[in-house]
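In what follows, a structure is listed as structure tokens, so that the remarks can point back to it.
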Amino acid sequence: MKVSKLRTSISLLLILTTTCIWSQTVVKIKLTLDSEPPIINKHIYGHFAEHLGRCIYGGFYVGEESTVPNIAGVRTDIIAALKELKIPNLRWPGGCFADTYHWKDGVGPKNERPTIVNTWWGDVTEDNSFGTHDFLNLCEELGAEPYLSGNVGSGTVQELADWVQYTNFVGTSPMSDLRVQNGRTDAWKVKYWGIGNEAWGCGGNMRAEHYVDVYRKYATFMSGSGIEGGLYKIASGASDANYHWTEVLMRDIPHHMLQGVALHHYSVIDWSAKGPATAFTEEQYFTTMERSWLMEELIQKHTAIMDKYDPEKKVDLIVDEWGGWYNVEEGTEPGFLYQQNTMRDAMIAGMNLNIFNNHSDRVKMANLAQTVNVLQAVILTENEKMLLTPTYHVMKMYNVHHDARLIPLSFDSPKYEYKGKSLPALTISASKNAQRETHFTLTNIDLKQTHTVILDIASLKIEKIEGKVLTSEKVHDHNTFDYPNNVHPKDFKNFKLKNGKLEIVLPPVSVVVLKGLNRR
Ligand code: AHR
């Protein structure tokens, strides 16, 4: 269809009005007329679960004997919540843990599995009771693609090649026979594989020049037989603005053995003074937003390097760790990275997801760190209780963009001002799906100002709009086990559609999703 019609017919005008100063900025939304806008890959909405703190043990996994309702040891309430989210993929088992993980420790009878020490995260004893079968069966249950992080730091080429054979080989082979012996006949057919994690740091403190050769060797022995299109191999990527890392990877790894290059960026105020997760100051809020906005610049600059070596955009940028990182909650183990989740986190999520959507020509996957009880979690648990965080609600509101076609737009945002500094207050992204529905997601990070957006959508032929908003009185507001619905999305009516002009009033610290139903 309709896409070409969409491309030629849309000439949108976005008018932004900052109500406080009565100024109006009129900006044309630019459309890419010479090529089709990209599809927003649903994998941008991916998640990450590491053997860290209470993410797996005491989070996802309570064991089959638990009084907490479970399917094969995994909490049914978490499974239901993640299904509701339409979780597209899950990265496991790390993180830093991945480069200490020997997968054979985690298969076979549970009572015969060896223990190891989780040296990265609190030196706790890991009994390997949650292993490959548990994880891959969970992904099947969720309808999510597994993304396995291979051990390069302390593993061997043979070990990773064996893992691929164990999970994927259909016929008779040493590893597929072992899989059958361990109770699983059908191959899981895992497509997404990370070759190491943070190879510049916890994954081995390598130089990029050394890692590229290590990558080439590992990738050579990972067989993609039986997987349509072959394995999707992801190189351990840069931290933040380490552009040299991306440059060397793109230059020195042959692109036929490289499907994705990773990037990690956390919205952390200062690694030595991260600040509290809930009782933060405006200064800390502003700085978190500043760090969060860095994602835009990082994607642009890493993409520019990738474009130089891969103008046809065959290699994808995979932001496989992102999110807010604060001090742990008082009284909790520092190595467990357990933090609460407020409207500030909703702002990080809304902003970053809009940024990813708008760069969906290169960004094809992203993984929020981490799913349960760790960092910017979508779910927190306490014994039998579970709550959904503000971040969960944003991820759910935005899942309307999964595999929809981006509607590219650009505008000059009004500013969120703080003590002589300023940041763009708004991020917006839009898409149209196969059911002819148009969706807009808008995030206003401004702590004090309401901003009004006017979109000329006449050419979209939208006749009916409905919306939801996530906002709260205070940016510190969050859900607790006593008040799990303190922050939750509500119907949003603060918009007008008249003569093809859509006027939306965005309250301070808010995330809005609008669904436009097209005329037939
Ligand atoms: O997500 C927590 C840790 O952050 C991961 O293990 C590591 O990859 C990153 O440094």
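The values are calculated or read from the model by the stated rules, or taken from the named source; none is laboratory data. Values in this document were obtained by computation on a predicted structure and should not be read as measured data. Positions of Cβ are generated from backbone atoms using ideal geometry, with glycine treated the same way; all protein chains shown enter the neighbour counts. Remember, those area values only see protein heavy atoms, side chains included, never the ligands or the DNA or RNA. Shrake-Rupley method; radii C 1.70, N 1.55, O 1.52, S 1.80 Å.
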Which listed pairs, of Lys274/Lys415; Lys464/Lys498; Lys364/Lys461; Lys274/Lys396, have C-alpha distances above 19 Å, in listed order:
Lys274/Lys415; Lys364/Lys461; Lys274/Lys396
Here the Kirkwood hydrodynamic radius of the stretch 96-150, Cα-based and in Å, equals 12.1
Taking all pairs of distinct Cα atoms, average 1/r, flip it, and tell me the Kirkwood hydrodynamic radius of the stretch 281-369 in Å to one decimal place.
14.6
Rounded to the nearest whole Å², what accessible area per residue is found for the stretch 39-103 with the 1.4 Å probe?
29
For Glu333, placing the label point 7 angstrom along Cα-to-beta-carbon and taking the stretch 120-142, residues whose amide nitrogen sits under 16 Å are 120-130
Where does the stretch 177-310 land on Rg(C-alpha)/(2.2 N^0.38 Å)?
1.33
Counting pairs of Cα atoms in the stretch 240-283, how many percent are more than 17 Å apart?
54
With R₀ set to 22 angstrom, the calculated FRET efficiency between the beta-carbons of Ser154 and Asp186, to the nearest 0.05, is 0.15
Relative to the compact-globule scaling 2.2 N^0.38 Å, provide the ratio for the alpha-carbon radius of gyration of the stretch 364-520.
1.12
Peptides ranked, highest mean first, by Cβ atoms within 10 Å: ranges 365-376, 78-89
365-376, 78-89
Cα centroid separation, the stretch 173-242 to the stretch 336-365 (Å):
25
What does the extension gain come out to for Phe481 and His244, with contour length at 0.36 nm per residue minus their alpha carbon separation?
80.8 nm
Roughly how many nanometres apart are two label points built 7 Å out from the Cα toward the Cβ at Thr172 and Ser422?
7.3
By the scheme Lys and Arg +1, Asp and Glu -1, what is the net charge of all other residues having a beta-carbon under 13 Å from that of Val157?
-1
Value of relative contact order over the stretch 152-249, rounded to a whole percent, pairs C-alpha under 8 Å and six or more apart
31
Averaged per residue, what accessible area in Å² does the stretch 194-348 show with a 1.4 Å probe, protein chains only?
38
Excluding ligands, DNA and RNA, what is the solvent-accessible area per residue of the stretch 375-420 at a probe of 1.4 Å, expressed in Å²?
35
Would you work out what percent of the accessible area of the chain, with all protein chains in place, is carbon or sulfur (probe 1.4 Å)?
51
If N is the residue count of the stretch 204-254, its Cα Rg over 2.2 N^0.38 Å rounds to 1.25
What residues qualify as long-range amide H neighbours of Tyr416, i.e. H under 5 Å apart, gap of 5 or more or another chain, H built at 1.01 Å from N?
Leu423, Ala425
Please work out the Cα center distance from the stretch 30-108 to the stretch 260-292, rounded to the nearest Å.
23
Rg and Dmax in Å for the stretch 255-403, alpha carbons only: what are they?
16.3, 52
Mean projected area, convex hull of alpha-carbon positions in the chain, reported to one decimal in nm², is 23.9
Determine the relative contact order of the stretch 29-182: mean sequence separation of Cα pairs under 8 Å and six or more apart, normalised by residue count, in whole percent.
21
Bin width 10 Å, origin at 0, all Cα-Cα pairs of the stretch 54-143: what percent of pairs per bin?
16, 49, 32, 4
Restricting to Cα pairs under 8 Å and 6 or more apart, the percent relative contact order of the chain works out to 18
Could you check the simple spin-label distance between Lys110 and Glu384, using points 7 Å along Cα→Cβ, in nm with one decimal?
2.0
Per-residue counts of other Cβ atoms within 10 Å, averaged by peptide: what ranking do you get for 262-271, 422-431, 350-359, 205-214, highest first?
350-359, 422-431, 262-271, 205-214
